[in-house]
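This report refers to the structure that appears directly beneath it.
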Amino acid sequence: MGNQCKGQYCDNEYREEVSHTPLDIFNKIVKIQAIIRGFLSRRQKLILKNNKQLLMEERRILKKFGFHKLEHILTYKILRKKNIKIIVQDTQAYVGEINSQNQPHGIGRIVYSNNSYKEGEYQNGELRKGIYYFNDVILQGQFQNNLLHGRGRTKFKDGTTYEGGFERGIRSGYGKLIDINGNIFEGQFKNGLLNGDGEFVGKDGRYYNGEWLNGKYHGRGELLFPDGQKYIGEFENHRRHGFGQQITQHGQYVGTWKNGKQYGEGQLLFNGQQIKCINGCYK
């Protein structure tokens with residue numbers, strides 16, 4: 001997951017504060033602060049005068065300071081608090097509130113040289129609630145040991161998204177997953193997969209509502225197919241297995257299934273007639 005730090009902030013790498021940094025870094029930080037303060041004071045005038053000019057100025061500030069959005073500065077009010085510190089190191093920089101041990105504590109933002117960043121609420125050097133962006137992956141929510149823990153959201157480079165519960169960085173509890181193809185999985189997750197009650201809405205028109213085991217249909221459920229067929233009954237390992245009822249254009253079949261196929265005795269109800277068949281009514 002890119003740069004990750006546990007316990008104290010990167011083994012106290014960030015304790016080297018501005019007053020102890022090389023002169024060129026100090027001057028650069030002072031210049032950036034001055035640019036931002038000047039921009040914030042001019043922003044209200046520009047907003048009414050020329051939106052295009054405002055946008056260009058905003059982009060210039062973002063590029064210099066390394067913030068993803070100007071709103072991150074305004075929302076967290078980093079520059080307006082008295083106990084704000086800027087702590088730098090060769091490949092990383094922190095701007096925000098600290099505790100008496102010079103650890104990030106309160107609202108702050110960490111920027112890495114590879115363009116990844118963390119921002120939000122810190123507690124004794126660790127991000128507790130906020131955003132972690134790296135390699136075009138966005139993690140947002142509650143954190144513990146640099147992992148999502150509690151409620152959160154993820155968005156990956158391929159477009160896959162998830163919103164719901166997490167446990168130590170793994171999908172856990174109720175959530176909703178939309179994969180790269182637009183298929184939707186919603187329900188109870190365990191170890192990153194649907195387990196228990198859940199729902200699937202396929203981009204191709206398939207629909208399933210029922211019980212799951214390790215991401216597969218397993219137990220009682222209802223499966224609808226794009227062509228209008230419907231199966232209500234038992235599943236095992238993602239296949240129709242056990243007793244079930246299937247409704248098709250030919251009628252209605254009630255009987256047993258094994259590994260996805262009709263097996264044993266069953267009955268076909270068609271045009272008011274009841275037909276008994278063995279190992280399948282459709283040839």
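Checked against the criterion of being at pLDDT 95 or above and buried (at least 19 other Cβ atoms within 10 Å of the Cβ), the candidates 127, 193 yield just one match: 127. Whenever a residue of region 163-183 is of a type in the set (A, V, I, L, M), its partners that are assigned to a loop (DSSP other than H, G, I, E, B), lying with C-beta atoms within less than 7 angstrom and at least six residues away or across chains, give the pairs 170/191; 170/192; 178/160; 180/158; 180/159; 180/160. Looking across 166, 185, 143, one residue alone is of a type outside the set (Gly, Ala, Ser), within 30 Å of residue 233 (Cα to Cα), in a strand (DSSP E or B) and out of contact with any Pro (no Cβ under 6 Å at 6 or more places or on another chain). It is 185. I'm trying to understand the selection: among the residues of region 97-131, which are touching a residue at least 60 places away in the same chain (Cβ under 8 Å) and either under 14 Å from the mean Cα position of the chain (by Cα) or assigned to a loop (DSSP other than H, G, I, E, B) (or both)? Residues satisfying the conditions are 101, 102, 103, 114, 116, 124, 125. I need a count of the residues in region 253-273 that are loosely packed, with under 14 Cβ neighbours inside 10 Å, modelled with pLDDT of 80 or more and polar (S, T, N, Q). Total satisfying the criteria: 1.
All conditions in (1) more than 34 Å from the chain's Cα centre (by Cα); (2) surrounded by fewer than 17 Cβ atoms within 10 Å (Cβ to Cβ) hold for residue 226, with the sole exception of (1).
Residue 150 - would you say it is free of Cβ contacts under 8 Å to residues at least 40 places away in the same chain, touching a strand residue (DSSP E or B) at 6+ places or on another chain (Cβ under 8 Å), closer than 21 Å to residue 212 by Cβ and not polar (S, T, N, Q)? The answer is no for residue 150.
Which of the numbered conditions does residue 96 fail, given that it passes all the others? Conditions: (1) crowded, with 21+ Cβ neighbours inside 10 Å; (2) over 30 Å from residue 212 (Cβ atoms); (3) modelled with pLDDT of 95 or more. Tallying (1) crowded, with 21+ Cβ neighbours inside 10 Å; (2) over 30 Å from residue 212 (Cβ atoms); (3) modelled with pLDDT of 95 or more, residue 96 fails exactly one: (3).
The values are calculated or read from the model by the stated rules, or taken from the named source; none is laboratory data. Model, not experiment: these values are computed from the prediction. Here Cβ is always computed from backbone atoms with ideal geometry, including for glycine, and neighbour counts include all displayed protein chains.
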